[in-house]
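Let me begin by presenting the structure, written as structure tokens, before commenting on it.
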């Protein structure tokens, strides 16, 4: 692999090399590091803006702290690309988010410099406290640093950790990276609080005055004045919230001023009486004009032209499932004023930005707070509205206790629109929506649906809107639909009823959700092999279509269930019901195809589906194995 030459960066293989550089070289290193990151992400795609904003902070942290002996934990991991380049992974940085390449997040198995894996927000302080408690118990003396963004400070877990910090350890450093820009504009009191601190007239006047004084003094005295200004502005701007929690608060500081960052971090190392919160202000997308000018600061990008910033997006053959959901919900809300929508800091990712444009007063973004989002939706439902909580499958896991206690037990009609259900390609196992079928299907009274194509998703929105006596959920994948034509009206489905799409006599394929297209292809290939196949779309995992399942089991030699979900989901529900009914005929060959019982690493979506055995070839191979046709199965497995 060709690595672009940068004179200063080329001297840095690890942070130990970085710490051997003179301080005067660090600004140059930061610019080269920023250029290297832009070059790499232009080829791989990924999370660009956050990393650009923390380049100077990353350099300063590794320069001041003796990583990996000192523990450095990045929250979420979106901003960790510069960290990866500086910690021995520069030669692989252009494999980011690719099959067999570097993870897009921090990952313990990847490097000793990644002491804790992170991909969901607000975990860093809790994890850092664990490291602090372990250090203190073992009588060790290293430092522990957590870097958390202001967007993550909207998550309750961050406050739980801060509330516990002073009671757990006297030595912890928390760096709050305040870029006033998470994936969507951050919401909530803490974001406003940090913004007020960084932008107040008092703070700005103090900085200007201190700068003038420092510049007028001889160099040694100027440094003393600068240090005095550091402490003085903390007194003026406040930080009372953090102080009341038992922490020292320092800031806000310019997160792109390397000399000052070094001074602040060195000072923070000296505190040994209680945890320290350092508030730094950075600019997301810093140093790359197209990112700085973009509304989302190039938070997440596809491959792009470095010179123009133009993202190289493949032409869509069909609308995305997310867009279909957004349009269907907007249309439903046009007809029903009780429909409202809730998102947890993902309005664009879930399509609710579309809904919000049409119905701005009926869309609620609660920040990175899935637990709150679920119970908030429960409150809306309890007072007679029809809330749709649009949350990625992987993030809904964070609110599962609330789904159980605040929604299911009270039988409140909250409608969960579960985006990114199934595998998600480059984002890897931390963002895969593998478990929602099982964890929702086990809850009494829930209606659980999965869309096999765009029309089914369209109708499931209408179905959920019509369910007023219990909670419901419908899942759909990331990416494009199958290209089917959408209806002009919103017609609900009959609850618990599937459909048969093609008729055969030898093999029955019962698909639940996104793999319906592959199931249909598999049915055609089985026909060609002389094994006539029925293909059915279950639509519902709960309640199951008992009549359909009985029909398939009675009239076919083999039945194959297919789902893009973990073991213990739809297929398990089918087997459970058959066993309870005594309908498991000894002559019936039934197989359940699920995601493998491992956390699949990132790759292209089609490659991951193939690895899971859920593509058309995998389904045909499974049918052939069930029928005892080993040679045909092996042939299909080879594709």
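The values are calculated or read from the model by the stated rules, or taken from the named source; none is laboratory data. Note that this is a predicted model, so its numbers are computed, not measured. All Cβ positions, glycine included, derive from the backbone under ideal geometry; neighbour counts span all protein chains shown.
If you scan the stretch 141-160, which residues turn out to be part of a helix (DSSP H, G or I), surrounded by fewer than 24 Cβ atoms within 10 Å (Cβ to Cβ) and modelled with pLDDT of 90 or more?
Passing the criteria: 157, 159, 160.
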Picking from 76, 59, which residue would you name as being at positive phi, buried (at least 21 other Cβ atoms within 10 Å of the Cβ) and touching a residue at least 24 places away in the same chain (Cβ under 8 Å)?
-> 76
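Quick grid of which residues meet (1) in contact (Cβ under 8 Å) with a residue 12 or more places away in the chain; (2) more than 22 Å from residue 437 (Cβ to Cβ); (3) more than 35 Å from the chain's Cα centre (by Cα):
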{"site": "508", "(1), (2), (3)": "yes, no, yes"}
{"site": "526", "(1), (2), (3)": "yes, yes, yes"}
{"site": "543", "(1), (2), (3)": "yes, no, no"}
{"site": "546", "(1), (2), (3)": "yes, no, yes"}
{"site": "583", "(1), (2), (3)": "yes, no, yes"}
For the stretch 358-384, enumerate the residues that are within 19 Å of residue 406 (Cβ to Cβ), touching a residue at least 12 places away in the same chain (Cβ under 8 Å) and either part of a loop (DSSP other than H, G, I, E, B) or not assigned by TED's automatic domain parsing to the domain that holds residue 406 (or both).
-> 366, 367, 368, 369, 384
Quick check: anything in the stretch 56-70 modelled with pLDDT under 95 and either in a helix (DSSP H, G or I) or out of contact with any strand residue (DSSP E or B) (no Cβ under 7 Å at 6 or more places or on another chain) (or both)?
-> no
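Given the residues 526, 510, which is the only one that is modelled with pLDDT of 95 or more, buried (at least 24 other Cβ atoms within 10 Å of the Cβ) and assigned to a helix (DSSP H, G or I)?
526
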Set 452, 445, 483: member being assigned by TED's automatic domain parsing to the domain that holds residue 342, within 20 Å of residue 351 (Cα to Cα), more than 16 Å from the chain's Cα centre (by Cα) and assigned to a loop (DSSP other than H, G, I, E, B) | 452
Could you identify the single residue in 341, 332 that is crowded, with 16+ Cβ neighbours inside 10 Å and assigned to a helix (DSSP H, G or I)?
-> 332
Residues in the stretch 242-286 that are in contact (Cβ under 8 Å) with a residue 12 or more places away in the chain, assigned to a helix (DSSP H, G or I) and either within 15 Å of residue 175 (Cα to Cα) or in contact with a helix residue (DSSP H, G or I) (Cβ under 6 Å, 6 or more places away or on another chain) (or both): how many?
-> 12
Hey, among the residues in the stretch 568-606 that are surrounded by fewer than 16 Cβ atoms within 10 Å (Cβ to Cβ) and in contact with a strand residue (DSSP E or B) (Cβ under 8 Å, 6 or more places away or on another chain), which one's nearest to residue 531 (Cα to Cα)?
-> 591
